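These notes concern the structure reproduced below.
The values are calculated or read from the model by the stated rules, or taken from the named source; none is laboratory data. It should be emphasised that the depicted structure is a prediction, and the values quoted were computed from it without experimental measurement. Reconstructed Cβ throughout: ideal geometry from the backbone, glycine too, with neighbour counts over all protein chains shown.
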Amino acid sequence: MFNKRYFIRGLKRSLSLFLLVSIAKTDSGDIVKYNFQDRISINLINALVNSVGINSSEIIYPINVYDIQYESINQDGILDTLAGLVSIPESPLEAFPILSYQHGTEILDENAPSITGMSLNNYETTLIGLIASSSGYISIFPDYEGLGDESSFHPYIVADSYTHAVTNMIRAVRSLSFELLENQDFQYNNQLFLLGYSEGGYATLAAQRGMQLMNSDEFSVTASFPMAGPYDLAGTMVDYFLSIPTYSNPYYVPYVLTSHLWTYQGPDVEFSDYFTPFWSDTLPSLFDGTHSSSVINQMMPDNPLEILLPEILEEFENNENYFFRQSLLENTLLDWSPNSPTYLYHGMGDDIIPYANSQIAYDAFLDNGSSDVNLMLFSEAVGGHSSAAITCLLTGFEVMSNFQIINIKGDFNSDGSLTLIDLSLLLSSLGSENVLSDFEWWAGDLDYDEDHTIIDILKIADQLQ
């Protein structure tokens, strides 16, 4: 029986070497190229995870790591090429959830996940990737728009940019298995998880919002875990900036302001219209992707708002319609109602992003009609913004595991178990004109002949006896 889907799959595999060099793509979510970075064994994963004091009994898969480039849409609606890292459990007999992890604030291009890979140069990505992928998640790590690209700026805390980066990387990863050679392919199931901390918490909630409001026919989020993000930009964050004379990481403030100027007024915006002479000359080069946060912090005044011209600061303080106020309002994430299980985590001792962001988001979502939004605030004992990250992430990961399903061949309805229902569904699919999903094709092909036949029916029947 001729099967067009698998014919195309085989054709793509035969062209995989060519794909590694160059492919002309025109649609967002298409893979431009991919590169195999490493295979990490179970023993090495255990050693690396244990070395940082984390003991996990769920490390059961070796993982394969790739960096990919894929097409996306930038803020101007123009096709752009973004990149990210993918970490895949090694098991051709099972189908796994996709976990999109949105990393915390980073300004150095060289620290983008696709560039560092799983290495000590990127502790955050490496730790999450090792734990998540080895326990059965196809883990993806978007670089974000502009990060890792010396020719472009990163639109920091601009909501739509994260939606574009995350959704298009998920699309690219879903098609990656069709591009890989047969001994490296993998299968995703119908589950999708979102997780992130700090900027990553904001990116997680922004992407979840974008998926629900603009792509609900394509994406269904199983559960989302936004942590310690500045969701209430126009309220909590503005009040915080204006109420304190010092800020522990002052570089965050100009990072937001410069990125919003570049995003909404273009790369040729006159910084001298907003910042004092020294800073108008200096800021563009400081945020070019080659200066670390510590270098910028050392240069900044204790009160980062002092870099603004006095008249601009006055407008910022008193005029609700002023540009910065309006750009922050546009990127505040409180104007919707999550319909997927959502877990907001925050440390009450957070010294950079006040936990009120999560409290206000939680209250707003309940008021907007959400029925499955959860808030967990950790005591000040867990520490400040950076110190609370591990506690939040490990707690969230434990909750996520309660949702996780890993499917075996034959589990046609993807509920995590093999029953007579699966047998009936597969039988009904034979000769049916209904379009099957990639997962359903994979689940029903028990004899690996890239087709659904009576042999597959008999194999499921044997397993049910």
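Quick grid of which residues meet (1) at pLDDT 95 or above; (2) touching a Cys at 6+ places or on another chain (Cβ under 7 Å); (3) charged (D, E, K, R):
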{"position": "P267", "(1), (2), (3)": "no, no, no"}
{"position": "T282", "(1), (2), (3)": "yes, no, no"}
{"position": "D288", "(1), (2), (3)": "no, no, yes"}
{"position": "P301", "(1), (2), (3)": "no, no, no"}
{"position": "E320", "(1), (2), (3)": "no, no, yes"}
{"position": "L328", "(1), (2), (3)": "yes, no, no"}
{"position": "L333", "(1), (2), (3)": "yes, no, no"}
{"position": "S337", "(1), (2), (3)": "yes, no, no"}
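Can you tell me which of V256, V269 is surrounded by fewer than 23 Cβ atoms within 10 Å (Cβ to Cβ), part of a helix (DSSP H, G or I) and over 15 Å from the mean Cα position of the chain (by Cα)?
V256
Which one is surrounded by the most Cβ atoms within 10 Å (Cβ to Cβ) among residues in the stretch 445-465 that are part of a loop (DSSP other than H, G, I, E, B) and touching a residue at least 12 places away in the same chain (Cβ under 8 Å)?
H452
So, in the stretch 406-444, how many residues would count as being assigned to a helix (DSSP H, G or I) and closer than 25 Å to A132 by Cα?
5
Picking from S248, S280, S285, S216, which residue would you name as being loosely packed, with under 14 Cβ neighbours inside 10 Å, hydroxyl-bearing (S, T, Y) and not in a loop (DSSP other than H, G, I, E, B)?
S285
Identify the single condition in (1) more than 14 Å from the chain's Cα centre (by Cα); (2) crowded, with 24+ Cβ neighbours inside 10 Å that V173 does not satisfy, given that it satisfies every other one.
(1)
For the stretch 258-275, which positions are among the hydroxyl-bearing types (S, T, Y) and over 11 Å from Q75 (Cβ atoms)?
T258, S272, Y274
N189 fails exactly one of the following numbered conditions: (1) in the same structural domain as I138 (by TED's automatic domain parsing); (2) surrounded by 19 or more Cβ atoms within 10 Å (Cβ to Cβ); (3) without any contact (Cβ under 8 Å) to a residue 40 or more places away in the chain. What is the number of that condition?
Only one criterion in (1) in the same structural domain as I138 (by TED's automatic domain parsing); (2) surrounded by 19 or more Cβ atoms within 10 Å (Cβ to Cβ); (3) without any contact (Cβ under 8 Å) to a residue 40 or more places away in the chain is unmet by N189, namely (3).
Quick grid of which residues meet (1) among the basic types (K, R); (2) closer than 18 Å to G196 by Cα; (3) part of a loop (DSSP other than H, G, I, E, B); (4) without any contact (Cβ under 8 Å) to a residue 40 or more places away in the chain:
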{"residue": "Y66", "(1), (2), (3), (4)": "no, no, no, no"}
{"residue": "Q75", "(1), (2), (3), (4)": "no, no, yes, no"}
{"residue": "I98", "(1), (2), (3), (4)": "no, yes, no, no"}
{"residue": "I107", "(1), (2), (3), (4)": "no, yes, yes, no"}
{"residue": "S114", "(1), (2), (3), (4)": "no, yes, no, no"}
{"residue": "S119", "(1), (2), (3), (4)": "no, no, yes, yes"}
{"residue": "T126", "(1), (2), (3), (4)": "no, yes, no, no"}
{"residue": "L130", "(1), (2), (3), (4)": "no, yes, no, no"}
{"residue": "G148", "(1), (2), (3), (4)": "no, no, yes, no"}
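Being closer than 21 Å to G229 by Cβ, buried (at least 23 other Cβ atoms within 10 Å of the Cβ) and among the hydrophobic types (A, V, I, L, M, F, W, C) is the filter here, so list the residues in the stretch 123-157 that pass it.
Across the stretch 123-157, the qualifying residues are I128, A132, I140, F141, L147, I157.
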